[in-house]
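*Asks:* So that we are looking at the same thing, I have put the structure below in structure tokens.
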Amino acid sequence: MNATVQRSLPLEEPTPHSAAQARLHPEKANAHVRFSQLGKVYEGQQGPVTALQGIDLDIERGEVFGIIGRSGAGKSSLIRTINRLEQPSSGQVLIDQVDIAAFNEDKLVELRRRIGMIFQHFNLMSAKTVWKNVELPLKVAGVPKEQRKRKVAELLELVGLQDKHDAYPAQLSGGQKQRVGIARALVHDPEILLCDEATSALDPETTQSILGLLREINQRLGLTIILITHEMAVIREICDRVVVLERGRIVEQGPVWQVFGDPQHEVSKTLLAPLQHALPEDLQTRLQAQPSDKHASIVLDLQFTGSDGNEPDLSALFSAFGGRVSLLHGGVERIQGRALGHLLLAVSHSPLSVEELLTRARKQAQHAKVLGYVA
Amino acid sequence: MWLDRLWQGVIDTFLMVGVSSLIALILGIPLAVILVTSGKGGIFEAPNVNRVLGAFVNIFRSVPFLILMVALIPFTRLIVGTTYGVWAAVVPLTIAATPFFARIAEVSLREVDHGLIEAAQAMGCRRWHIVWHVLLPEALPGIVGGFTITLVTMINSSAMAGAIGAGGLGDIAYRYGYQRFDTQVMLTVIVLLVVLVAVIQLGGDRLALRLNKR
Ligand SMILES: Nc1ncnc2c1ncn2[C@@H]1O[C@H](COP(=O)(O)OP(=O)(O)OP(=O)(O)O)[C@@H](O)[C@H]1O
Ligand SMILES: [Mg+2]
């Protein structure tokens, strides 16, 4: 598919984005958030630390965009330049085509009211009730009392905390706190929601409910959501596209099904390994590089990347191999409506050569390789 | 007769401690806010202001009250026209209490989680909003606790002031207890002071506890 090709190329030209340029590339004109040659250098104790360099990235309106990478890769630095909690050291951040680097406090305040943010540790005001926490952004914006009342009530209802108006954050569970955080972030009807590890402090069940809420918000309000997470399942669950950062650079990006189905970069592969149905330990030890006799089974690893949009056709696969085929390990999951995953098969008593087996396997699966032989 | 004097002493002590602590409260909180927010990475970052103010506070904090009081005599005369009596004691007491309280309040303000400041920035708070709606309310229990300590310390200092002619319980204890060896008066003063300190400490603790929602 052409998307694969596009991904392996550097993302279009690095770029000053004048209005004229936007007219030249109408399809790119409405990127909601655009990073252009963005760099960030911190003045650390032991000299400058480069957290980001040469970031070129477009985030479209209304998408759920994931950022992954190892610890210290620069994820937080990247997301925090969007609302200028961090000032870029070089390059640009454009929101709706407007460079935000030179904003003064007035414009910054205005910008931040268009961008909600939620945090790993919730960051709620401990001295304020749930109601007052959610009301605070409106209050400092000078919204009249009646209007504030309506809005806060509406949002607490949206996040399911109607009955917690007067509770203090210390009296809430982690999931409830994050719901307050979400209500607070949405109270100005923002266009963008930034989530920096918003579910990392929550248990799996609560994570699911928060993700459900985020998805609902994305669909109902058409919000652009940009999220960082260490949990690959979160990306798989709600993101449309994902970018992989490593040492302050983008090493891979694309639709989630594509990056997850067929990760290219070493870092992506490592990060996604838990989802990859790798060879179990016991099979690994039984595996031999050469067949012990002519009845030994060939172990094939078939990878389905979802790029053709079809589910693996098992009957076609088995009849193509002509022999005994057993399923050793593997799994297929659906991401964004595409089936992708690995199947590890043991093939024996097949009249076909190894090369022929692989050729036929590749008609069904996007990647196929021989892992070895088992007796 | 000495009971009347005792009563007057209580009132004088209240006046000295009350007025100087009140002024310390009014001046100390802004001072603490400036100390915290002008520091490195603060929301009103201004390293020079921070250094100068910090140095001032440290100087006044490190001079023992008795010496401070004597050193300030010309200044006191300039302000209140006399160096004798309750109002003359208020001047050095205030000047001692303000930096003392400011440092304690500063610690409470500094302990406010930086994440809360970021959250406030991210929601579109101006810097003054952050001071008013985040820093002060979040630090309030600590500030109340700090003010309690200041009050108790000022009772202590006011007694010292009393000994050199400011009036108040210290004055009475000094004159009756030390100069005339009147044990009854001495004991009464001690009991009064203990009760006073206990009431202030208890009240302050309870208020701080009630304000603390963490
Ligand atoms: N305020 C700072 N001062 C100095 N260095 C910093 C600062 N903030 C981040 N860094 C450095 O910049 C790099 C990127 O940090 P960043 O927080 O963006 O990483 P991250 O991908 O969010 O990591 P994590 O997954 O651990 O949150 C790291 O090397 C970090 O040490
Ligand atoms: Mg981070």
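*Asks:* Would you point out which residue out of A:Ser200, A:Ser126 is closer than 23 Å to A:Thr224 by Cβ and hydroxyl-bearing (Ser, Thr, Tyr)?
*Replies:* Of the residues listed, the single one that is closer than 23 Å to A:Thr224 by Cβ and hydroxyl-bearing (Ser, Thr, Tyr) is A:Ser200.
*Asks:* Test B:Ala139 against the criterion of being under 20 Å from the mean Cα position of the chain (by Cα), within 12 Å of chain A (Cβ to nearest Cβ) and under 30 Å from A:Ser76 (Cα atoms), and give yes or no.
*Replies:* yes
*Asks:* Just one of (1) assigned to a helix (DSSP H, G or I); (2) in contact with a helix residue (DSSP H, G or I) (Cβ under 7 Å, 6 or more places away or on another chain) trips up B:Val199, so point out which.
*Replies:* Condition not satisfied by B:Val199: (2).
*Asks:* Here's a follow-up. I need a count of the residues in segment A:112-131 that are over 24 Å from the mean Cα position of the chain (by Cα), of a type in the set (A, V, I, L, M) and at the interface with chain B (Cβ under 8 Å from one of its Cβ atoms).
*Replies:* The qualifying residues number 3.
Conditions tested, residue by residue: (1) among the hydroxyl-bearing types (Ser, Thr, Tyr); (2) more than 30 Å from A:Leu57 (Cβ to Cβ); (3) at pLDDT below 85.
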residue: A:Val243; (1), (2), (3): no, no, no
residue: A:Gln258; (1), (2), (3): no, no, no
residue: A:His265; (1), (2), (3): no, no, no
residue: A:Leu275; (1), (2), (3): no, no, yes
residue: A:Glu281; (1), (2), (3): no, yes, yes
residue: A:Ser292; (1), (2), (3): yes, yes, yes
residue: A:Gly309; (1), (2), (3): no, no, yes
residue: A:Asp313; (1), (2), (3): no, yes, yes
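*Asks:* Hey, another quick one. Here are the criteria: (1) away from ligand 1 (no atom under 16 Å from the Cβ); (2) facing chain B (nearest Cβ under 10 Å); (3) in contact (Cβ under 8 Å) with a residue 60 or more places away in the chain. Tell me which single one A:Tyr168 does not satisfy.
*Replies:* Looking at each condition in turn, A:Tyr168 falls short on (3).
*Asks:* Does any residue in segment A:52-81 that is farther than 21 Å from A:Asp99 by Cβ and within 14 Å of another protein chain (Cβ to nearest Cβ) come within less than 9 Å, Cβ to Cβ, of a residue that is within 16 Å of ligand 2 (Cβ to nearest atom) and of a type in the set (Phe, Trp, Tyr) six or more places away or on a different chain, and which pairs are these?
*Replies:* none
*Asks:* A further question on this structure: Please go through segment B:179-214 and pick out each residue that is surrounded by fewer than 17 Cβ atoms within 10 Å (Cβ to Cβ), under 26 Å from the mean Cα position of the chain (by Cα) and more than 14 Å from chain A (Cβ to nearest Cβ).
*Replies:* Selection gives B:Ile190, B:Val191, B:Val194, B:Val195, B:Val197, B:Ala198, B:Val199, B:Gln201, B:Leu202, B:Gly203, B:Asp205, B:Arg206.
*Asks:* Right, B:Leu116: in contact (Cβ under 8 Å) with a residue 60 or more places away in the chain and either at negative phi or more than 14 Å from every other protein chain (Cβ to nearest Cβ) (or both) or not?
*Replies:* Spelling it out, it is not the case that B:Leu116 is in contact (Cβ under 8 Å) with a residue 60 or more places away in the chain and either at negative phi or more than 14 Å from every other protein chain (Cβ to nearest Cβ) (or both).
*Asks:* May I pose another question? Does segment A:248-264 contain at least one residue that is within 16 Å of ligand 1 (Cβ to nearest atom), farther than 24 Å from B:Gly124 by Cα and in a loop (DSSP other than H, G, I, E, B)?
*Replies:* yes
*Asks:* Go through segment A:118-150 residue by residue and tally those that are touching a strand residue (DSSP E or B) at 6+ places or on another chain (Cβ under 6 Å) and acidic (Asp, Glu).
*Replies:* So the answer is 0.
*Asks:* Which condition number in (1) touching a helix residue (DSSP H, G or I) at 6+ places or on another chain (Cβ under 7 Å); (2) within 14 Å of chain A (Cβ to nearest Cβ); (3) aliphatic (A, V, I, L, M) is the one that B:Met69 fails?
*Replies:* For B:Met69, the failing item is (2).
*Asks:* Give A:Ile68, A:Ile100, A:Ile115 a once-over and let me know the one that is modelled with pLDDT of 95 or more, touching a strand residue (DSSP E or B) at 6+ places or on another chain (Cβ under 8 Å) and more than 16 Å from ligand 1 (Cβ to nearest atom).
*Replies:* A:Ile115
*Asks:* Which pairs turn up if I take residues in segment A:190-202 that are under 20 Å from A:Gly222 (Cα atoms) and look for partners that are polar (S, T, N, Q) and within 14 Å of ligand 1 (Cβ to nearest atom) with beta carbon separation below 7 Å, at least 6 apart in sequence or on another chain?
*Replies:* Note: pairs meeting the criteria are A:Asp196/A:Ser76; A:Asp196/A:Gln120; A:Ala198/A:Gln120.
*Asks:* Within the bounds of segment B:72-80, is there any residue that is outside any helix (DSSP H, G or I) and under 21 Å from the mean Cα position of the chain (by Cα)?
*Replies:* For segment B:72-80, residues outside any helix (DSSP H, G or I) and under 21 Å from the mean Cα position of the chain (by Cα): present.
*Asks:* Across segment A:78-92, what is the number of residues that are part of a loop (DSSP other than H, G, I, E, B) and either charged (D, E, K, R) or not assigned by TED's automatic domain parsing to the domain that holds A:Leu52 (or both)?
*Replies:* Final tally of qualifying residues: 2.
*Asks:* Which ones in segment A:298-329 are within 23 Å of the chain's Cα centre (by Cα) and surrounded by 16 or more Cβ atoms within 10 Å (Cβ to Cβ)?
*Replies:* Selection gives A:Gln303, A:Phe304, A:Thr305, A:Gly306, A:Ser307.
*Asks:* Is it the case that segment A:206-225 has a residue that's within 14 Å of another protein chain (Cβ to nearest Cβ) and touching a residue at least 12 places away in the same chain (Cβ under 8 Å)?
*Replies:* No - not one qualifying residue is present in segment A:206-225.
*Asks:* Going by the conditions given, is A:Glu281 closer than 30 Å to A:Ser71 by Cα and in contact (Cβ under 8 Å) with a residue 24 or more places away in the chain?
*Replies:* No, not satisfied.
One line per residue, one yes/no per condition, for (1) in contact with a Leu (Cβ under 6 Å, 6 or more places away or on another chain); (2) assigned to a loop (DSSP other than H, G, I, E, B); (3) within 8 Å of ligand 1 (Cβ to nearest atom); (4) not assigned by TED's automatic domain parsing to the domain that holds A:Gln219:
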site: A:Tyr42; (1), (2), (3), (4): no, no, yes, no
site: A:Pro48; (1), (2), (3), (4): no, no, no, no
site: A:Leu57; (1), (2), (3), (4): no, no, no, no
site: A:Arg61; (1), (2), (3), (4): no, yes, no, no
site: A:Gly72; (1), (2), (3), (4): no, yes, yes, no
site: A:Ser76; (1), (2), (3), (4): no, no, yes, no
site: A:Leu94; (1), (2), (3), (4): no, no, no, no
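*Asks:* Now for a different question. Within segment A:82-111, track down each residue that is facing another protein chain (nearest Cβ under 9 Å) and touching a helix residue (DSSP H, G or I) at 6+ places or on another chain (Cβ under 8 Å).
*Replies:* Passing the criteria: A:Asn83, A:Arg84, A:Leu85, A:Glu105.
*Asks:* Still on this model: Just checking, how many residues over segment B:116-172 are buried (at least 19 other Cβ atoms within 10 Å of the Cβ) and outside any helix (DSSP H, G or I)?
*Replies:* Count: 5.
The values are calculated or read from the model by the stated rules, or taken from the named source; none is laboratory data. A quick note: this is a predicted structure, and the numbers were derived from the prediction, not measured. Every residue, glycine as well, gets a Cβ built from its backbone with ideal geometry; the counts of neighbours run over all protein chains shown.
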